[in-house]
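The values are calculated or read from the model by the stated rules, or taken from the named source; none is laboratory data. These numbers were taken from a predicted model, which means no experiment stands behind them. Positions of Cβ are generated from backbone atoms using ideal geometry, with glycine treated the same way; all protein chains shown enter the neighbour counts. In case anyone asks, the SASA skips ligands and DNA or RNA and just uses the protein heavy atoms, side chains included. Shrake-Rupley method; radii C 1.70, N 1.55, O 1.52, S 1.80 Å.
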Amino acid sequence: ELRTPLSVLRTRIDLLQDPEMRQALRQNVDGMAHIVSQLLDIAELETVVLGPDETADLQSVAAGVAEFVAPLALAQGKDVALSGTSEPVWVRGNPEMLGRAIRNLAENAINHTAAGSTVEFVVEDNGTINVLDRGPGIGEDERKLIFRRFWRRDRRKQGSTGLGLSIVQRIAELHSASITVENRKPNGACFSLKFVALKS
């Protein structure tokens with residue numbers, strides 16, 4: 001019921017003759033759709049129970065997310081790179097939920113990384129996915145705040161709900177995974193999700 005009116009509105013916007021107005025309105029609708037999607041994710045994650053036999057290939061999920069967000073990064077003059085192991089990395093988890101967590105980290109990294117730089121995905125064979133950016137980094141006083149719902153560094157910035165990292169943390173909790181953040185030199189941040197790796 002929330003998504004359908006936005007889809008209808010997007011279709012009608014595409015029929016507008018004025019290209020500048022069409023583009024501006026499409027961006028507004030896309031922003032609203034993103035907020036709705038995150039709110040629904042938060043609501044759904046409150047009731048999700050992970051099945052004991054659910055498994056996912058972390059490398060495959062990360063590759064899928066990298067491919068999905070690449071056009072978003074390129075549109076902002078940024079790049080995306082996937083490295084680390086190219087072999088399957090099986091972990092305990094739901095592939096769709098893992099994808100949501102990594103996508104939220106990726107979108108956050110793209111939004112904060114500098115133009116002309118690269119958002120990196122590094123998959124380790126121990127069940128860890130690292131998402132690295134070249135943004136301003138995370139201050140020590142912000143480390144505990146960034147995972148709170150609706151927390152935003154700059155509340156004047158449009159298009160941010162402050163829900164992305166809280167969604168990542170909730171998915172990590174459901175998977176008995178750990179999430180850490182470290183700053184990079186000379187600038188940037190590295191968010192790491194470590195899942196329960198399964199023996200091959």
Search the structure for amide H atoms under 5 Å from the amide H of Leu198, placed 1.01 Å from N in the peptide plane, and list their residues when 5 or more places away or on another chain. Trp90, Val91, Arg92
How tilted is helix 58-75 with respect to the longest principal axis of the chain? Cα atoms for both, answer in degrees (0 to 90, nearest 10). 30 degrees
Phi to ³J(HN,Hα) by Karplus 6.51 cos²θ - 1.76 cosθ + 1.60 over the range 114-120, Hz, x for Gly, Pro: 6, 4, x, 10, 10, 8, 10
Going residue by residue through the range 171-183, the Karplus relation 6.51 cos²θ - 1.76 cosθ + 1.60 with θ = phi - 60° gives ³J(HN,Hα) values, rounded to whole Hz and with x marking Gly or Pro, of 5, 4, 4, 4, 9, 6, 9, 10, 10, 10, 9, 9, 7
For Thr55, the residues 5 or more places away or on another chain with a placed amide H closer than 5 Å to its own amide H are Gly93
Phi to ³J(HN,Hα) by Karplus 6.51 cos²θ - 1.76 cosθ + 1.60 over the range 98-106, Hz, x for Gly, Pro: 4, x, 4, 4, 5, 5, 5, 5, 5
Could you report the chain's accessible area per residue, 1.4 Å probe, as an integer in Å²? 56 Å²
What is the distance in Å between the Cα centroid of the range 108-134 and that of the range 42-64? 20 Å
Among DSSP bridges having both ends in the chain, what percentage is antiparallel? Round to the nearest 5. 75 percent
May I ask you to work out the translational diffusion coefficient for the chain at 10 °C, viscosity 1.306 mPa s, via Stokes-Einstein with Rh from the Kirkwood sum over Cα pairs, reported in whole µm²/s? 89 µm²/s
Mean ellipticity per residue at 222 nm, deg cm²/dmol - from DSSP H runs of n ≥ 4 across the chain, formula -39500 (n - 2.57): -14000 deg cm²/dmol
Protection proxy (average C-beta count within 10 Å per residue), highest first, orders 38-48, 81-91 as 81-91, 38-48
Carbon/sulfur fraction of accessible area - the chain, other protein chains in place, 1.4 Å, %: 53 percent
On C-alpha positions alone, give me the angle between the axis of helix 3-13 and the longest principal axis of the chain, in degrees, nearest 10. 50 degrees
Can you give me the long-range amide H partners of Thr128? Hydrogens built in the peptide plane at 1.01 Å from N, cutoff under 5 Å, separation of 5 or more residues or another chain. Phe195
